[in-house]
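First up is the structure itself, then whatever we jot down about it.
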Amino acid sequence: MEYFLYKIRVEANKKHKGNFLRTFFKERKQVGALAPSSKYLVKKMCDKIDFSTARNIIELGPGTGVFTEELLKRAAPNCRIFVIELNEAFYSFLKDKFKDPRIILLCESADRLDDILEDHGVHEVDAILSSLPLAVIPDKIRKRIIIKSYDVLRAGGVFVQYQYSLNAKKLLELKFGKLQLGFVAVNIPPAFVYLGTK
């Protein structure tokens, strides 16, 4: 029985990674990694959010939902999680995967954050967790995403972003000032974690 369950988990994991790789090669400008984030990166990112007080969280670029799963484990029952995914293949995958009523899943561009929240009667959020591949997003859109992310955060709210290089550091510092910087070696590839506080 244990072996049977193990085989099911292995096959499900293969399907998960296969879906990620197919989308990576098809949509290089929307997907920045060859594999889903490691559990170490997921923990490092989510540890930056105060879930005891968070009532509105945004996740940008969830991909196959590895961060979404952790957000759901930690978030309060009355917390809303706006999950924003532009890629239609990932959006469909997430729609089938998650049925939790706390999730508001949207197939939208992150540069419409203010409009998205307004549509849902939300004026500010406690935290934004971003997996967006900033290095491959056109400069004009990238700047708009960062500006709007800052604008929709409450005072003291946090913006958590990972990247595989430091090329977005200066851009983020223009809005958030001095960032806290972390590093996760156990990830493919290793990743930097940026933390900006409004």
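Read the figures in this text as sums done on the coordinates, not as results from a lab. Note that the coordinates shown come from a computational prediction; the quantities given were computed from them, not determined experimentally. Heads up, the Cβs are rebuilt from the backbone with ideal geometry, glycines too, and the neighbour counts pull from every protein chain shown.
For segment 83-92, the criterion of being surrounded by fewer than 18 Cβ atoms within 10 Å (Cβ to Cβ) and charged (D, E, K, R) is met by at least one residue. Any residue at all in segment 145-161 that is among the acidic types (Asp, Glu), out of contact with any Cys (no Cβ under 9 Å at 6 or more places or on another chain) and more than 22 Å from Gly63 (Cβ to Cβ)? The answer is yes, given that some residue of segment 145-161 is among the acidic types (Asp, Glu), out of contact with any Cys (no Cβ under 9 Å at 6 or more places or on another chain) and more than 22 Å from Gly63 (Cβ to Cβ). The condition of being in contact with a helix residue (DSSP H, G or I) (Cβ under 9 Å, 6 or more places away or on another chain), crowded, with 16+ Cβ neighbours inside 10 Å, of a type in the set (Phe, Trp, Tyr) and assigned to a helix (DSSP H, G or I) holds for only one of Tyr194, Tyr150, Tyr162, that being Tyr150.
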